[in-house]
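The values are calculated or read from the model by the stated rules, or taken from the named source; none is laboratory data. Because the structure is predicted, anything quoted here is derived from the model rather than measured. For neighbour counting, all protein chains shown are included, and Cβ atoms are generated from backbone atoms with ideal geometry for every residue, glycine included. What goes into the accessible areas is simple: the full protein's heavy atoms, side chains included, and nothing from ligands, DNA or RNA. Shrake-Rupley method; radii C 1.70, N 1.55, O 1.52, S 1.80 Å.
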Amino acid sequence: MTEPRKLGDVATTKLFENDRVRVWEMNLDPGQTSEVHEHTLDYLLIQLDGDKVAGIFEPDTKGPYPAGTVEGDVAPGNVIYIERGGIETAKNTGRRRYREILVELKD
């Protein structure tokens with residue numbers, strides 16, 4: 001029997017929360033990865049700094065991206081809306097520190 005997987009937070013630091021939103025900051029040094037986490041809420045991802053980042057999606061992910069790795073260039077100021085369901089690890093695949101603000105939208 002395998003033990004249940006332990007999931008971490010969706011980002012590095014929780015900055016704010018009320019009954020409508022939860023706001024996080026993600027900071028990853030080059031080569032650093034986040035904990036495996038699940039997005040249970042739709043969210044906005046706002047890129048602040050960095051050059052490349054990847055999402056490594058688990059085989060049982062249910063979000064808009066398939067299992068495997070999705071990598072992209074970072075564009076500071078870029079805002080991306082992503083639907084809930086993703087089970088993933090974020091990885092800084094670039095040469096610069098990666099920073100983002102993640103805003104979870106509560107139902």
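The figures follow:
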quantity	calculated
Accessible area per residue in Å² at 1.4 Å probe, computed on the chain	59
Measure of compaction for the chain (Cα Rg per 2.2 N^0.38 Å)	1.03
Simple Cβ-charge dipole of the chain, Lys/Arg +1 and Asp/Glu -1, about Cα centre, in debye nearest 20	220
Percent accessible area from carbon and sulfur atoms, the chain, protein chains only, probe 1.4 Å	50
Cross-link reach list, lysines versus K6, counting only Cα pairs under 24 Å and skipping chain neighbours closer than eight places	K14, K62, K91, K106
Rounded accessible area of R99 (nearest 10 Å², 1.4 Å probe)	80
Cut-off under 5 Å, modelled amide H: who pairs with T61 long-range	I87
